[in-house]
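Inspection log for the structure reproduced underneath, given as structure tokens.
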Amino acid sequence: PAPTGASPAAGKPATGTAMGGRSGELLNPDPVTMVLLYHALAGLAPPLDRWIESDPRVTQAPAAGRAAQRELVRAELTAALAAVRDTGFIRLALNDHLSEYDPSYGEFTLRALAPSSTVPYRGLQQEVSLRFANGRDAQVWAVPAAQAQAINDSLSYGRSVQLDVLLKIAGVQPGSGGGSIVTEVLEYEIRSQRDQRLLGRVKPASK
């Protein structure tokens, strides 16, 4: 599933600290922000010169103005890198489809938060992904049978929902051509996409 919304914005810091004592928070970060965040978390030196030379403002600038554009892009990237260094939490909106209710286990499941699910981001000619370390627990929404019927009745055809998820950054997993930011799902809200009605709030059990 792709994140809904792509503009990075600083939210109020979440309670506690994440990987490396980081306490800052991002709201629906865009792909460039996620690539910068990955480099900061992994302790990798960002290839600023390569990114600058591939920026359209540099490649499309007249020769006389190219140096000024390089400095502009360098300043923007340097400031963006500094802004994400304290990030330990991410608030993310995800589209999903709620499963059919399983009366044997008394639960719905959400595929977007499954252990095998990833959220891909491609920016600055690099791809990174977001993964959920506690997806096995986070994907489960336990609901009493009596309440489940009311939830089913409120959903439109396709069972489309939106998840507003709070994630804590737990680590990084390097990979060839990119890597993954590993997170822990702390809590999320489930809303129907049709009318944004709140269906439930879920806080996965802590390990």
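The table below lists the values:
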{"quantity": "Selection from segment 84-114 of residues that are over 14 Å from the mean Cα position of the chain (by Cα) and within 21 Å of G24 (Cα to Cα)", "calculated": "R85, D86"}
{"quantity": "Any hit, segment 82-90, residues being of a type in the set (V, I, T), closer than 21 Å to V119 by Cβ and modelled with pLDDT under 90", "calculated": "no"}
{"quantity": "Residue satisfying all of: in segment 45-74; of a type in the set (G, A, S), assigned to a helix (DSSP H, G or I) and free of Cβ contacts under 8 Å to residues at least 12 places away in the same chain; farthest from Q126 (Cα to Cα) among these", "calculated": "A64"}
{"quantity": "Pick from segment 131-156, criterion under 14 Å from the mean Cα position of the chain (by Cα) and over 18 Å from P31 (Cα atoms), ranking: surrounded by the most Cβ atoms within 10 Å (Cβ to Cβ)", "calculated": "G135"}
{"quantity": "Neighbours by Cβ (under 6 Å, 6+ apart or cross-chain): first from segment 182-207, free of Cβ contacts under 8 Å to residues at least 12 places away in the same chain; second open to solvent by less than 70 Å² (accessible area, probe 1.4 Å)", "calculated": "L198/R191"}
{"quantity": "Residue in segment 195-207 that is open to solvent by 40 Å² or more (accessible area, probe 1.4 Å), within 30 Å of H39 (Cβ to Cβ) and not aromatic (F, W, Y) present", "calculated": "yes"}
{"quantity": "L77 touching a strand residue (DSSP E or B) at 6+ places or on another chain (Cβ under 6 Å) and outside any loop (DSSP other than H, G, I, E, B)", "calculated": "no"}
{"quantity": "Answer residue from segment 174-193, given it is in contact with a Leu (Cβ under 8 Å, 6 or more places away or on another chain) and open to solvent by 20 Å² or more (accessible area, probe 1.4 Å) and is farthest from A42 (Cα to Cα) among those", "calculated": "R191"}
{"quantity": "Flag if Y38 is surrounded by 18 or more Cβ atoms within 10 Å (Cβ to Cβ) and either touching a residue at least 12 places away in the same chain (Cβ under 8 Å) or not in a strand (DSSP E or B) (or both)", "calculated": "yes"}
{"quantity": "Residue count, segment 157-173 (criterion: within 26 Å of the chain's Cα centre (by Cα) and open to solvent by 10 Å² or more (accessible area, probe 1.4 Å))", "calculated": "11"}
{"quantity": "Qualifying residue in segment 116-129 (condition: among the acidic types (D, E) and buried (at least 17 other Cβ atoms within 10 Å of the Cβ))", "calculated": "yes"}
{"quantity": "Count - residues of segment 98-114 that are surrounded by 15 or more Cβ atoms within 10 Å (Cβ to Cβ) and among the aromatic types (F, W, Y)", "calculated": "2"}
{"quantity": "Count of segment 22-32 residues which are open to solvent by 20 Å² or more (accessible area, probe 1.4 Å) and out of contact with any Asp or Glu (no Cβ under 9 Å at 6 or more places or on another chain)", "calculated": "4"}
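Matching residues to (1) open to solvent by 70 Å² or more (accessible area, probe 1.4 Å); (2) under 30 Å from F108 (Cβ atoms):
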| residue | (1), (2) |
| --- | --- |
| I52 | no, no |
| T59 | yes, no |
| A64 | yes, no |
| R70 | yes, no |
| R74 | yes, no |
| V84 | no, no |
| I90 | no, yes |
| D96 | no, yes |
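The values are calculated or read from the model by the stated rules, or taken from the named source; none is laboratory data. Just so you know, these numbers come straight off a predicted model, no measurement behind them. All Cβ positions, glycine included, derive from the backbone under ideal geometry; neighbour counts span all protein chains shown. In case anyone asks, the SASA skips ligands and DNA or RNA and just uses the protein heavy atoms, side chains included. Shrake-Rupley method; radii C 1.70, N 1.55, O 1.52, S 1.80 Å.
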